[in-house]
4 protein chains.
Amino acid sequence: MTAGAQPRLRADARRNRDRILVTAAAAFADDGPDVPMEEIARLAGVGVGTLYRRFPDREALLVAVVQDSMARALGRTRAAAAEATPGQAWDALVRSLSSPRELRLMMSLTSLASPTTAAAVHADPTTRRIRQEYAEVLDGLVRAAQAEGTLRPDVGAGDVAHLLSLVAYGLRRTPDATAEIAFERARAIVLDGLRARPRTPLPGRPLTTTDLEAE
Amino acid sequence: MTAGAQPRLRADARRNRDRILVTAAAAFADDGPDVPMEEIARLAGVGVGTLYRRFPDREALLVAVVQDSMARALGRTRAAAAEATPGQAWDALVRSLSSPRELRLMMSLTSLASPTTAAAVHADPTTRRIRQEYAEVLDGLVRAAQAEGTLRPDVGAGDVAHLLSLVAYGLRRTPDATAEIAFERARAIVLDGLRARPRTPLPGRPLTTTDLEAE
Amino acid sequence: MTAGAQPRLRADARRNRDRILVTAAAAFADDGPDVPMEEIARLAGVGVGTLYRRFPDREALLVAVVQDSMARALGRTRAAAAEATPGQAWDALVRSLSSPRELRLMMSLTSLASPTTAAAVHADPTTRRIRQEYAEVLDGLVRAAQAEGTLRPDVGAGDVAHLLSLVAYGLRRTPDATAEIAFERARAIVLDGLRARPRTPLPGRPLTTTDLEAE
Amino acid sequence: MTAGAQPRLRADARRNRDRILVTAAAAFADDGPDVPMEEIARLAGVGVGTLYRRFPDREALLVAVVQDSMARALGRTRAAAAEATPGQAWDALVRSLSSPRELRLMMSLTSLASPTTAAAVHADPTTRRIRQEYAEVLDGLVRAAQAEGTLRPDVGAGDVAHLLSLVAYGLRRTPDATAEIAFERARAIVLDGLRARPRTPLPGRPLTTTDLEAE
DNA sequence: AATGAATGAGCATTCATTCAT
DNA sequence: GATGAATGAATGCTCATTCAT
């Protein structure tokens, strides 16, 4: 699932690396890109030294987490595209956004970190490659959906990616019923904005501003 | 302009306070919620001591900046609502989102700062009051727009606020032509999703994923 | 005595700066260029923060100490040169080496620190200037001594500086009677090697290897 | 070549030990006594584990390197003494200083390392023994040279050793033509200071201070 | 025996905040 | 009131050393 090119690690080292990655993703998601490295290590149940042996500094760790996250999102989108029977591109598009926490993590890590770090993520070759492939898959879906007449013809894959990531970003950190609903409603409205013709009923009931107050 | 309750400051002190507030807003917007206090002071042309005399700690400063920002946004929305001739509620809604950098700052300061700080912003009474008034105004606009048949009837002010803030959030830190276009297109699409019936042509040309890569 | 160009410090800050400089010189001399910054701060009776406010990092501190030391040595040599009545250049040369601990510190800090740091010391403009002036004064003394026939004509100021610093380096860290004698004897022998003609009796008694064992 | 008392190692282990020793000597010479153990291991082409199996800690390694170096220097001096035909003690003395990098390494490792380490080197029995034998050989040469009238009678082996090591120390880390010349000139001057009577022409041309600036 | 992974203590440095001038 | 100096807690990172594979 990961995209690194490490020459092959000893089984236990591999296990540690993975544990660190998972823990770091959660920690970043919960506390932002500045969580103390020591806390990540503690949560992963390893010493700081181990953390630093695998990831030379915070930036490297962050890049790795983003890579992992992007790779997973790419996998999901690819799968959705592959399953799409002819005339079902729209559904594939919708499904490609179906587990948005990944997207949210990517976005927040990329855009909230220091400009330097953001640039590092951007410049990383593996990251570039994944983004590239992601763009291709999405582009295919967009054209197909436009061909089948479900997606409005005046948008591009960039618009779609932008909107989808914004919606994903709307997910609050704390998983919470209202947040979930707010997310689904926002998704539906945006999809409606993207759709070529019809209009679907929104789930749940209209949200009040108070609904959003719960953090 | 500000919403605090300071007893009344000497003219120069007042000037200092305002300068700090403006500088801090810019600094937070540019470098995130962790800019060193000393840098803010330097940029504002005062000593740290002065900064701390006005704002007992970073959190207080942040809260004040958010307050200021929200107050301004509320003012704008209120004005838009007031000007709205009957049958023009939709336009008022659109205009209420017309200077989105304010919104973006509010959002990022509120949601990106540490959970503790976010909670502090949330709990602050002035902040609560402004949010409350904001909700009322927005609610009025929403109902009016739905009455006049321009806004879909199954959404609430919460949905609208949520979506508008997401779109605002999409503005990248660096002001950049593509980012601007991306923002306007996203806004148009979302508004289309919100609109009761018609459909408007999007500005610019369809974005490719590559368009978004710049930054 | 110092060569910095600070715009003028508050009296207490100045006092602190000087205290840090003196303490650091002693600490470097005793424990080498790697003494913990915290220990230097502690010895100087200030917090680490204060140390870092004056000297942005270890390298800057080291450079400042070397500068200070070199400036002092230059002062001494200049004074010796100025007092030299005609025909007394040799004595001036000898006196310029009369408080060699300064020299020893300079040497060890310059040559024992990491190559990077050594380069930094070397590149520092103030350091360059002092070295330049030092070279000029020494050169004058060398020519004068050769003119008066006391210094062998086939050496240059570079040779003299090299030898004097080596001899100075021979001083052990711990001030100790034998080390003192060893230093004086070595100086006498080297001066004899440099002298045009005569030969002077060495002070003290012949040293055995055992004498040098005391560290 | 080494002076340790290891019970007898398997051939490959022996090879490893020697390789480590040689590599460590070079690394210490190049980067000072603080080179990371891991780097030494890497340079020697072994794992850290192996390094630690042979030398329980950094100090032990350092002591071993110094021992090796001293043993080699002793060997050379002994050979010089043995070859000395009657009336040639002076030349033997001179030749004993002929490969000074060894000396330089010994010196810097002994005197630049932390006081603790220096003490350890000092206290080590093998080291003591070698130093003892070295003192004896040197002492013989000194007396012989004084008997044949080439060495001034008022110096002892301690003086000679002190001066020779200082001169050796003058060699800069980077091998460099000017440094080489500076070393040779310094040696000649010191020897002149030690010589009973005559005076030899110095090699090369007089050095300027600028000559020494390189590095 | 060799390897290289894991550990954690140690040190450099930064920055929020307090306080003397 | 303003200033900027001093403080020290917090955190990133390195590296000697130990130990599982």
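Just so it is clear, none of the values below were taken in a lab; they were calculated from the coordinates. This is a predicted model, so every value here is computed, not measured. Here the Cβ positions follow ideal geometry from the backbone for every residue, glycine too, while neighbour counts run over all protein chains shown.
If only the Cβ of Lys and Arg carry +1 and only the Cβ of Asp and Glu carry -1, the dipole of region B:8-55 around its Cα centre is close to 540 debye.
Between copies, how far does the label point of A:G47 sit from its twins, in nm, shortest first, when each point is 7 Å from Cα along Cα→Cβ? Those label-point separations list as 1.6, 3.2, 4.7 nm.
Going by neighbour counts of Cβ atoms within 10 Å, the residues A:I181, B:I189 line up, fewest first, as A:I181, B:I189.
In whole angstrom, how far apart do the alpha carbon centroids of region C:116-154 and region B:62-90 sit? Cα centres, region C:116-154 to region B:62-90: 73 Å. Averaged over the residues of peptide C:184-193, the number of Cβ atoms from other protein chains lying within 10 Å of each residue's Cβ is 6.
Nearest beta carbon of chain A to the A-to-B rotation axis, with distance in whole angstrom: A:G193, 1. Between B:L151 and B:Q146, B:A196, the built amide H atoms are under 5 Å apart, and every one of these is 5 or more places off in sequence or on another chain.
What shape does region B:8-55 take by its C-alpha gyration tensor, where a ≥ b ≥ c are the square roots of the eigenvalues and a/c under 1.5 counts as rounded, a/b above b/c as prolate, and the rest as oblate?
Working: a/c = 2.39, a/b = 1.79, b/c = 1.33.
Prolate, since a/c reaches 1.5 and a/b exceeds b/c.
Annotation for region A:132-196: GluC sites (Glu not before Pro) lying in DSSP loop with at most 16 further Cβ atoms inside 10 Å of their Cβ are A:E148.
Inter-copy label distances at B:R129, shortest first and taken from points set 7 Å along Cα to Cβ: 5.8, 5.9, 9.0 nm.
Ranked from shortest, the separations from the 7 Å Cα-to-Cβ label point of A:D30 to its equivalents in the other copies are 3.5, 4.5, 4.6 nm. Per-residue Karplus couplings for region D:132-145, computed as 6.51 cos²θ - 1.76 cosθ + 1.60 with θ equal to phi - 60°, are listed in order as 4, 5, 4, 4, 5, 4, 4, 4, x, 4, 4, 4, 4, 5 Hz, Gly and Pro entered as x.
Couplings 3J(HN,Hα) for region A:71-82, derived from phi with the Karplus relation 6.51 cos²θ - 1.76 cosθ + 1.60 (θ = phi - 60°), are 4, 5, 4, 4, x, 4, 5, 4, 4, 4, 5, 5 Hz, where x marks Gly and Pro. Each of D:D31 and A:E184 was given a label point 7 Å from its Cα along the Cα-to-Cβ line. The distance between the two points is 5.9 nm.
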